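This structure is in structure tokens; I'll ask about it shortly.
The values are calculated or read from the model by the stated rules, or taken from the named source; none is laboratory data. As the structure is a computational prediction, the values presented were derived from the model and not from experiment. Note that we place each Cβ from the backbone using ideal geometry, even for glycine, and neighbour counts take in every protein chain shown.
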Amino acid sequence: MAEEVFRKSFEVHSYDTDTTTQLSFAGLARYLQDIASFHADKLGLGYDYLLMENKAWVLRQLKITTSGRASWKDRVTIETWPKVPDRLLAWRDFLVFDGAGNPIAKATSAWLLIDMKKRRPLRMEPGMFEKYNFRKQEVFEEKPGSLPNAEPGEIVYETTVRFSKLDMNDHVNNAEFIAWITDAYYMDHPHDSYPESFEIRYDHEIFMGDRIGIYKKTLPSGGIVYSIKRMKDGKTAGIAGITVSV
């Protein structure tokens, strides 16, 4: 059995930060994606192995809560471990620490195994995880719930997907969804404002040339929900919720 907790450190580069010189949400999401990929490689279910079978992991849902921030040139350490999967979802948790060892974020994620040719989810066989040592520790008491759609609501902006937004799976990377949402968030929030929690669900892929619209709705609780809509067919590609400490 491989070790249940995998650790890796990341230096916060200038391109991982926002205008405050601190780690951005999209930058943090990229670190989480990277360490999940590194650990999957170590456990024998990484990108190269799955590609031989025309399969891939895609992120279905991500929830992050924050208690601090790392700054440019700081060194962030992340711990991650897999949890017992559902029929269609593989679960993975994360703890994030700054260079001084202070906890600054925790996250949970759900992943789908998809057929790359049919672009459809696959059921995971129990034998897939024979090298996994599942950990019982949960960073949150409950798994992420449903998110309300932001449509109909206020359209914040539209954009067209260019080549630079695509990843190895030939679709828009999950961190780009987060970048779009935080772009919308900072259009009417101070640049030094930082979300206390961020949750996103990915519903449909987005490809090069797609025109997307970002919609916003403020909830009675004070939270904000955003939807990413594919304009060509009206489908909601992703929904995100943000809460901000006051």
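List, please: which pairs have Cβ atoms under 8 Å, are six or more places apart or on different chains, and start with a residue in region 140-153 that is surrounded by 10 or more Cβ atoms within 10 Å (Cβ to Cβ) and end with one that is at pLDDT 80 or above and assigned to a loop (DSSP other than H, G, I, E, B)?
Cβ pairs passing all conditions: P148/L219.
For region 1-13, which residues satisfy the criterion of being at pLDDT 95 or above and either farther than 14 Å from T77 by Cβ or assigned to a helix (DSSP H, G or I) (or both)?
H13
Scanning region 62-78 for residues that are among the small types (G, A, S) and closer than 26 Å to L147 by Cα, which turns out surrounded by the most Cβ atoms within 10 Å (Cβ to Cβ)?
Here the answer is G68.
On to the next question. Please go through region 57-81 and give me each residue that is farther than 28 Å from H191 by Cβ and touching a residue at least 60 places away in the same chain (Cβ under 8 Å), ordered by number.
V58, R60, E79, T80, W81
Next question. Only one of E176, E199 is under 26 Å from A105 (Cα atoms) and in contact with a helix residue (DSSP H, G or I) (Cβ under 6 Å, 6 or more places away or on another chain); which?
Checking each option against the conditions leaves just E176.
How many of the residues making up region 125-164 are hydrophobic (A, V, I, L, M, F, W, C) and part of a loop (DSSP other than H, G, I, E, B)?
So the count comes out to 6.
Identify the residue in region 28-54 that is in contact (Cβ under 8 Å) with a residue 40 or more places away in the chain and under 15 Å from the mean Cα position of the chain (by Cα) and, among all such residues, is surrounded by the fewest Cβ atoms within 10 Å (Cβ to Cβ).
Residue satisfying both the conditions and the ranking: Q33.
Tally the residues that are in contact (Cβ under 8 Å) with a residue 24 or more places away in the chain, out of contact with any Lys or Arg (no Cβ under 6 Å at 6 or more places or on another chain) and over 26 Å from I206 (Cβ atoms), restricting the search to region 88-100.
3
Something else about it: Given the criteria more than 25 Å from A36 (Cα to Cα), β-branched (V, I, T) and surrounded by 20 or more Cβ atoms within 10 Å (Cβ to Cβ), does I181 qualify? So that I can check it myself, show each step before the final result.
Values: more than 25 Å from A36 (Cα to Cα): no; β-branched (V, I, T): yes; surrounded by 20 or more Cβ atoms within 10 Å (Cβ to Cβ): yes.
It is false that I181 is more than 25 Å from A36 (Cα to Cα), β-branched (V, I, T) and surrounded by 20 or more Cβ atoms within 10 Å (Cβ to Cβ).
Filter region 101-113 down to the residues that are within 17 Å of S146 (Cα to Cα) and either charged (D, E, K, R) or touching a residue at least 60 places away in the same chain (Cβ under 8 Å) (or both) and list them by number.
Once the filter is applied, which keeps residues that are within 17 Å of S146 (Cα to Cα) and either charged (D, E, K, R) or touching a residue at least 60 places away in the same chain (Cβ under 8 Å) (or both), region 101-113 yields A107, S109, W111.
Cβ-Cβ under 8 Å, sequence separation 6+ or interchain: first residue in region 161-189 and closer than 18 Å to K117 by Cα, partner among the hydroxyl-bearing types (S, T, Y) and modelled with pLDDT under 90. Which pairs?
M168/Y47
Does region 140-161 contain any residue that is at pLDDT 90 or above and touching a Leu at 6+ places or on another chain (Cβ under 9 Å)?
Going through region 140-161, the residues at pLDDT 90 or above turn out to be 140, 154-161.
Add one more test, that the residue is touching a Leu at 6+ places or on another chain (Cβ under 9 Å), and what stays is none.
No, there is no match, as no residue in region 140-161 is at pLDDT 90 or above and touching a Leu at 6+ places or on another chain (Cβ under 9 Å).
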